[in-house]
Amino acid sequence: MEELIKNIKEFIDSGNENLAKKRYNAAASDFFKSIVISCDYLIYEEIKTLPKNHNERFSLLKKYFEDIYNKVSELFETYTKSYNLRLLESDAKKIGEYAHEIHNVVRDKK
C-alpha cells in the first residue's frame, strides 16, 4: 500500500507543477490520477481488493463511499473532456482541490 501512497504524492506534485506552467489538461490528468489512486487505497482499506478498471472502481465507490462516488463522478466528466477539449485553469484547479482533499483522507487512514 506504500506504493499507492507514493504514486498519489507523485501525481499531485506533477499536477501542481503542470498547473504552475499553465498546462491545464496535463494538470487535470495528473490530479485525476491521484484521485483514482486515492480511491483505490480507500477501497482496499475497506474491502481488501483493488479495482481493475473505472467501471469496477465506480461501482465499489458507489457501494462503500457514496459521497466520494458523487464527487469523483462529477470530476470524471470534466477530466474526460480533456481528451478532446482544452480545459480551463478553473477546471484543473477544481480537480486539484479534490485531489488534495482526498489525499488528506488517505493520510488520515494511515
Has region 78-87 got any residue that is within 14 Å of the chain's Cα centre (by Cα), open to solvent by less than 30 Å² (accessible area, probe 1.4 Å) and among the polar types (S, T, N, Q)?
yes
Taking region 73-101 and keeping only residues that are of a type in the set (A, V, I, L, M, F, W, C) and not in a loop (DSSP other than H, G, I, E, B), one is left with LEU75, PHE76, ALA92, ILE95, ALA99
Condition met for THR80 (without any contact (Cβ under 8 Å) to a residue 24 or more places away in the chain, out of contact with any Leu (no Cβ under 7 Å at 6 or more places or on another chain) and over 22 Å from LYS109 (Cβ atoms))
yes
Being at pLDDT 95 or above and among the hydroxyl-bearing types (Ser, Thr, Tyr): is that true of SER82 here?
no
Within region 1-43, restricting to residues that are part of a helix (DSSP H, G or I) and open to solvent by 70 Å² or more (accessible area, probe 1.4 Å), the one that is farthest from ASN104 (Cα to Cα) is ALA20
If LYS48 satisfies all but one of (1) in contact (Cβ under 8 Å) with a residue 12 or more places away in the chain; (2) at positive phi, what's the number of the condition it fails?
(1)
Considering only residues that are among the β-branched types (Val, Ile, Thr) and farther than 21 Å from SER90 by Cβ, look in region 1-35 and name the one that is modelled with the highest pLDDT.
ILE8
When region 54-66 is examined, which residues are found to be at pLDDT 95 or above, within 14 Å of the chain's Cα centre (by Cα) and surrounded by fewer than 17 Cβ atoms within 10 Å (Cβ to Cβ)?
PHE58
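The values are calculated or read from the model by the stated rules, or taken from the named source; none is laboratory data. Not measured: the values here are computed from a predicted model. Neighbour counts are summed over all protein chains in view; Cβ atoms, including those assigned to glycine, are modelled from backbone coordinates with ideal geometry. Side chains are part of the model used for accessible areas, which takes the heavy atoms of the whole protein and leaves out ligands, DNA and RNA. Shrake-Rupley method; radii C 1.70, N 1.55, O 1.52, S 1.80 Å.
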